[in-house]
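Everything below concerns the one structure shown next.
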Amino acid sequence: MKSFNDIETWQALLAMSEGRQLNQIADENKVSLAALIRRIRNVENAWGLTLLSTNKPIRLTSVAVKLLPDIQILCKSHRKLQKSFEKAKNSQPFFSGHIHFAVAAGSLGSQTTNRLLIEFSTLHEGIEFRTEIGPKIEEVLNGTCDVSTYTGNLDLSGLEAIPRGRAKYFALASPAYIKKFGYPREPSDLAQHFCAVFCGASRARTKYLQKGAEKRAVIYGKTITSTDILFLKHIVLQGEALIIDLPLGHSALEIKQGKLIPILDGWHRNFEPLWVVTSENKWKDPKIRVFMKWYAEAWSEELKKAEDSLRTCLNEIFIKEILN
């Protein structure tokens, strides 16, 4: 019954219901795939229920899907309890000093990041942040930067990293742009359009789009390229261009408000893991560990809220290809 009482077992099933793969879930929890599957199989054997399919790809069974509402309640209660413990611990005058934090330019300019840093500083009155545009992996490794965010696959040598969700991207245009220039449905249609193109330190220019198992190269028409995603978003909102890779966190509100319209019928940039990282040496500092864990969880929750807010205003193809 040990696996039944292990919250990570239920968190793994909940993560699968949100489209995550078991091997990714195992990596993030720093356990082997075999060990994770064994935990779930132990629950199955104890109760005589089948939660995972026996064929590949491994999926949740109909029995597991029926149990998901209760699993969600359990995991939510666990997170609430964890926050209560953290709040009780954080209320003590334990931490003080600066945290040098490098964040992608678009995130640094967003209200979400500002609000989260202020919230953490409120919980820990002795903490002050010094922020700059990132990512700064080399600076983290050599100790001149405490913590950095990162998007994409990461070489973990010399680093301690905590996942904070997945970057998902929408291809978007304003209603005014679509009315004037038409609705592009295929990646090949982009050659006839004016495109706002992001290319910066946090991620490279989008070269391919995918839909299901299919992948196609992007051939842009006229372009304006920038390292400032918020500048490009402004251009798109003004109806002067379209964009094929605006992160969900920067677009959910405008999509819901009808100011931006998803285009390309589900073709999208591949999802990428999001991280918050520090050096192995800085990880020994309690204030760094507490901040990273808190920030990773808070950011994951922000992304989940953004996704949930879109499920009622998108058609099935965008929910299937991007949100699921």
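What the table below lists for this structure:
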| read-out | value |
| --- | --- |
| Percent of Cα pairs exceeding the 19 Å cut-off, where the set is segment 236-324 | 50 percent |
| Within straight-line cross-link reach of Lys83, lysines at Cα separation under 26 Å, skipping those fewer than 8 residues along the same chain | Lys2, Lys30, Lys282, Lys284, Lys287, Lys293, Lys304, Lys305 |
| Of all accessible heavy-atom area on the chain, the percent that carbon and sulfur account for (1.4 Å) | 52 percent |
| Size descriptor, Kirkwood hydrodynamic radius, that averages inverse alpha-carbon separations across the chain, Å | 21.5 Å |
| Gln257 paired with Leu49, simple spin-label distance in nm, labels 7 Å along Cα-to-beta-carbon | 4.3 nm |
| Segment 83-222 - accessible surface per residue (Å², probe 1.4 Å) | 53 Å² |
| Residues of segment 35-51 with amide N under 14 Å of a point placed 7 Å along Cα→Cβ from Lys66 | 48-51 |
| Residue-averaged 222 nm ellipticity for the chain, from DSSP H runs of 4+ at -39500 (n - 2.57), nearest 500 | -13000 deg cm²/dmol |
| Heavy atoms of Trp275 accessible to a 1.4 Å probe, total area in Å² rounded to 10 | 40 Å² |
| Estimated Rh, segment 80-180: Kirkwood, alpha-carbon pairs, angstrom | 16.2 Å |
| Per residue accessible area in Å² of segment 259-321, where ligands, DNA and RNA are left out and the probe is 1.4 Å | 44 Å² |
| Contour excess over end-to-end distance, with Cα ends at Asn324 and Thr227 and 0.36 nm allotted per residue | 32.1 nm |
| Where only alpha carbons of segment 186-255 are counted, the Rg and the Dmax (Å) | 12.0, 33 |
| Label-to-label distance, nm, for residues given as Ala176 and Leu74 (7 Å Cα→Cβ offset) | 5.2 nm |
| Potential lengthening between Arg41 and Asn142 on full extension [0.36 nm per residue; Cα-Cα distance subtracted] | 32.0 nm |
| Accessible area in the full protein assembly, largest first, 1.4 Å probe, for Ile224, Ile25 | Ile224, Ile25 |
| Spatially proximal lysines relative to Lys207 (Cα-Cα < 20 Å; intrachain offsets below 8 disregarded) | Lys168, Lys215, Lys222, Lys233 |
| Cα→Cβ-extended label distance, 7 Å offset, between Gln24 and Phe85, nm | 2.7 nm |
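The values are calculated or read from the model by the stated rules, or taken from the named source; none is laboratory data. The shown structure was predicted, so the numbers you read here are calculated from the model rather than taken from an experiment. All Cβ positions, even for glycine, are placed from backbone atoms using ideal geometry, and neighbour counts span all protein chains on display. Side chains included, ligands, DNA and RNA excluded: accessible areas come from the protein's heavy atoms. Shrake-Rupley method; radii C 1.70, N 1.55, O 1.52, S 1.80 Å.
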